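Here the structure is laid out as structure tokens; the discussion comes afterwards.
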Amino acid sequence: MGLLRIMMPPKFQLLALLAFAVAMFFLENQIQKLEESRVKLERAIARHEVHEIEERHTQEGLREREAPSAAGSEDVVVIYNRVPKTASTSFTNIAYDLCGKNRYHVLHINTTKNNPVMSMQDQVRFVKNVTEWGEMKPAFYHGHVSFLDFTKFGVKKKPVYINVIRDPIERLVSYYYFLRFGDDYRPGLRRRKQGDKKTFDECVSAGGSDCAPEKLWLQIPFFCGHYSECWNVGSHWALEQAKYNLVNEYLLVGVTEELEDFVMMLEAALPRFFRGATELYKTGKKSHLRKTSEKKPPTKESSAKLQQSAIWKMENEFYEFALEQFQFVRAHAVREKDGELYLLAQNFFYEKIYPKN
């Protein structure tokens with residue numbers, strides 16, 4: 001190359017360098033294309049191998065379902081320990097509408113006086129029922145019961161927990177009017193505070209017990225569980241335990257304000273139970289059935305008064321924590337296009353599967 005530079009005029013040297021650069025660029029481009037082709041080929045081979053494995057597993061699954069020993073093949077239990085006035089009835093109606101079509105059982109956990117805390121002996125009975133009641137599986141349990149840790153009872157396969165929570169003040173306002181006027185689900189049923197015409201704002205102004213900050217303390221203990229400290233109003237330990245359980249023990253926790261997104265994500269994650277849930281939520285009558293009657297939104301003054309309390313700050317911190325977690329999960333699962341939500345396609349695959357046989 002040095003000899004050529006001595007013998008060639010500068011003009012030809014420049015042309016030679018340009019030709020060399022073009023040749024190198026072309027070569028690198030071809031190498032890049034070959035690399036991309038190699039990656040595509042590897043992916044195609046991997047997908048083919050996965051398809052073969054899935055086909056084999058499908059055939060094996062069919063043979064297992066035909067065999068008498070396949071009784072535990074659908075040993076799945078979902079528990080929805082629903083918080084009052086969070087659109088829980090609306091969501092539960094979807095499960096009832098789908099259970100026949102999707103072939104699972106729905107069971108309502110009806111505790112005496114709606115007490116969310118079970119006695120020790122009832123906890124044992126409930127865990128035994130959920131885990132051993134084979135005739136009811138797959139099953140969807142729902143009820144106003146605080147979180148129960150199944151691992152404390154030596155259970156190897158825990159149920160799948162889900163839940164929905166709501167803005168603390170909006171939930172309390174809804175519950176306040178529900179006790180006085182009921183809802184359109186069972187309009188003829190007489191409620192505990194029926195006849196009391198006092199508005200929520202009047203209650204807050206008068207310092208009434210039904211709208212006191214202590215009444216906000218509900219979503220935290222529902223997630224905290226069956227520990228005594230969970231029900232000590234204003235306990236920071238209960239708040240941290242509720243956060244821990246939400247992240248570690250629940251498959252998904254939605255928010256009332258974004259219920260459709262919650263339903264869509266559950267259908268993607270648990271199609272065995274929720275196949276068809278999104279369409280039902282959009283078009284079905286029952287999904288939007290229950291609405292509290294005579295509800296009046298609180299004034300800014302009433303909300304501000306409640307927001308001064310340490311209890312509201314803790315319940316709101318938990319709500320914001322749950323909302324952030326839900327939005328994080330949703331951002332990695334759902335996209336919006338032309339005003340419609342759609343689920344992202346599978347974004348992982350398997351490769352280098354050995355042994356080949």
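Among the listed pairs 85/152; 85/295; 85/300, those whose Cα-Cα separation exceeds 18 Å are 85/152; 85/300.
Packing here is the average count of other Cβ atoms within 10 Å per residue, and on that basis the peptides 85-96, 160-171, highest first, run 160-171, 85-96. Packing around the peptides 237-244, 341-348, taken as the average count of other Cβ atoms within 10 Å per residue, puts them in this order, highest first: 237-244, 341-348.
For the listed residue pairs 113/157; 243/337; 198/305; 215/313, the alpha carbons are over 24 angstrom apart in 113/157; 243/337.
Highest average first, the peptides 218-225, 172-179, 298-305 ordered by how many other beta carbon atoms sit within 10 Å of their residues are 218-225, 172-179, 298-305. Is the C-alpha gyration tensor of the range 81-141 telling us rounded, prolate or oblate? Criteria: a/c under 1.5 is rounded; beyond that, a/b larger than b/c is prolate, otherwise oblate. Since a/c reaches 1.5 but b/c is at least a/b, the shape of the range 81-141 is classed as oblate.
The fraction of all Cα pairs in the range 198-260 landing in successive 10 Å bins from 0 to the largest distance is 20, 35, 31, 14, 0, given as whole percents. An oblate overall shape is assigned to the range 313-357, the ratio a/c of its alpha-carbon gyration tensor axes (a ≥ b ≥ c) being 1.5 or greater and a/b not exceeding b/c.
The numbers here are math on the coordinates, done by the rules we state, and not lab data. Bear in mind the structure is a predicted one, so any value in this text is a computation, not a measurement. Because the Cβ atoms are built from the backbone with ideal geometry, glycine has one as well, and the counts that use them run over all protein chains shown.
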